[in-house]
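These notes concern the structure reproduced below.
The values are calculated or read from the model by the stated rules, or taken from the named source; none is laboratory data. Being a predicted model, the structure only gives us computed values, none of them experimental. Every residue, glycine among them, receives a Cβ derived from its backbone with ideal geometry; neighbour counts consider all protein chains shown. Each accessible area value is taken on the protein alone, full model and side chains, heavy atoms only, with ligands, DNA and RNA left out. Shrake-Rupley method; radii C 1.70, N 1.55, O 1.52, S 1.80 Å.
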Amino acid sequence: MNSTTEINQVKQSAPPQQLTLAMGRKPPIELSRAKASASKKKRMPQRPESSQVPGGAALFQRVFTRLNCDGRPPRFRVEFYPYASLVLTIRRREDVVFVRFSDLLRRAPLPVLEGAAALLISRVYRRKAPRALTAPYLNYARSNRTRSRISRMRRRRVRLASAGPQGRHFNLEKMFEQLNEEYFSGSLQRPHIGWSTRSWRRQFGCYDPGPNQILLNRRMDHPAVPQVAVEYVLYHEMLHVKHPTRRSGCSLVSHSPEFRAEEKLFPHFTQARKLLDRLAR
């Protein structure tokens, strides 16, 4: 939820994609201790492996020319990377442009990769990509099959990160059971629930269907926050469990009419929204 009291659903409120644009030089790597023992080095987590995209450089050069970008095409280095979701990243350093595609695209058809390239290049070089060029990627990203693959991948790659359901002032596990009984007849299967490990600035709660996890902003675990506000946020995220994001035409719908109607069944709906509006300021 942000300052306009909209509770966001992680990776589902927008198309299942992420564009990351990083311009300029890469910051220097900070080294901890030069004399670390060999045993400690062995315990360091291994860096995820990447692999080159076959024909990736030529693909980006073609799209660069097709979008009428100024100057000669730069040198492109394109690779698949094991992100935890459908992510596209691009970074320009001097005369080389580094691109990473989520390895979820490893088996995608060529038009899908071209559409992804067009989205990235259009952002960096400020060109408008033709809809016909980007449509294959957007359709691929929004398809039910791809969203199912994202969820399965996130179950393997996303670690459950929370401070647990028992906060200093509110017990989310107990609150879930009460809300489940009152509004869902006890039929909602309980996901992983917990408080966020850090305070979020604009978001009050989120549901991530990959690891099947509800997190609430730890900033609400405070005696000055009325319990009704916490209950409403948790209820909202429980509705995301019951009403998964679905495709409607060319877009994804996280808050369907059924979702909104059921959300207003919360008896203190208006009061809770006003409380969260004040808390967001």
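Here the accessible area is traced with a 1.4 Å probe on the protein chains. For the stretch 56-129, carbon and sulfur cover 45 percent of it. Taking θ as phi - 60° and the Karplus parameters 6.51, -1.76 and 1.60, the scalar couplings of the stretch 171-185 work out to 9, 5, 5, 5, 5, 4, 4, 5, 5, 4, 5, 6, 10, 10, 6 Hz in sequence order, x denoting glycine and proline. For the stretch 128-144, putting each phi into the Karplus relation 6.51 cos²θ - 1.76 cosθ + 1.60 with θ = phi - 60° gives couplings of 8, 7, x, 4, 5, 7, 8, 4, x, 5, 4, 5, 5, 5, 8, 5, 4 Hz, in residue order, rounded to whole numbers and with x for Gly and Pro.
In this structure, the amide hydrogen of residue 75, modeled 1.01 Å from its nitrogen in the peptide plane, lies closer than 5 angstrom to those of 97, counting only residues at least 5 positions away or on a different chain.
May I ask you to derive the FRET efficiency for residue 177 and residue 126 from their Cβ-Cβ distance with R0 = 51 Å, giving the value to the nearest 0.05? With R0 = 51 Å, the Cβ-Cβ based efficiency is 0.45.
Note on residue 61 and residue 265: the model spin-label points, each 7 Å out from Cα along the C-beta direction, lie 6.0 nm apart. Computed from phi, the 3J(HN,Hα) profile of the stretch 208-222 under the Karplus parametrisation 6.51, -1.76, 1.60 (θ = phi - 60°) reads 10, x, x, x, 6, 9, 9, 10, 10, 4, 4, 5, 7, 7, 9 Hz, with x in place of Gly and Pro.
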